[in-house]
Amino acid sequence: MIKRLSAPLILLALLNVGSVLAQQQSPYPMADMLAQRIIDKYNNSTCVQLAQMKSEKPTGEKAQMEQRIIQALKNDPQMRQYFINKIAAPIANKMFECGMIP
């Protein structure tokens, strides 16, 4: 009887631990915000738009905020690695689709 009850209880405990881990906040919320903006920009842009954006320099308040985050990325190697790991695959896939990389 005890063995029958312990297996489901262990399963419930593992599921609970998994959901708690999934709900934990990112160690770098600003990097997450910038990464998501970049990923969205690449996913929602055509190849022609990406080529045009590549030659343009961003301006305004958002650009200033991005520059502060970029400076933080330069100063914190762990945050930079986290950020690059987050954006690398979506950007590389879009660039491949657009013929921007072989």
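The values are calculated or read from the model by the stated rules, or taken from the named source; none is laboratory data. Everything numeric here is computed off the predicted structure, so don't read it as measured data. Virtual Cβ from ideal backbone geometry, glycine too; neighbours counted across all protein chains shown.
Just a few scattered comments:
- Residue in region 84-94 that is more than 24 Å from S26 (Cα to Cα) and in contact (Cβ under 8 Å) with a residue 24 or more places away in the chain present: yes
- Criterion applied to Q67, Q71, Q25, Q49 was being at pLDDT below 95, over 20 Å from the mean Cα position of the chain (by Cα) and either among the polar types (S, T, N, Q) or outside any loop (DSSP other than H, G, I, E, B) (or both), and the one residue passing it is Q49.
- Contact map, region 19-36: residues that are over 14 Å from I70 (Cα atoms) paired with residues that are at pLDDT 90 or above and not polar (S, T, N, Q), Cβ distance under 6 Å, separation 6+ or inter-chain. Pairs shown: S26/D32.
- Within region 37-83, being of a type in the set (K, R) and closer than 27 Å to Q25 by Cβ holds for R37, K41, K62, R68, K74, R80.
- Among the conditions (1) without any contact (Cβ under 8 Å) to a residue 24 or more places away in the chain; (2) in a helix (DSSP H, G or I), I39 misses just one, which is (1).
- Candidates are the residues of region 52-61 that are over 21 Å from the mean Cα position of the chain (by Cα) and assigned to a helix (DSSP H, G or I); the one that is surrounded by the most Cβ atoms within 10 Å (Cβ to Cβ) is Q52.
- Within region 29-46, considering residues that are of a type in the set (G, A, S) and within 10 Å of the chain's Cα centre (by Cα), the one modelled with the lowest pLDDT: A31
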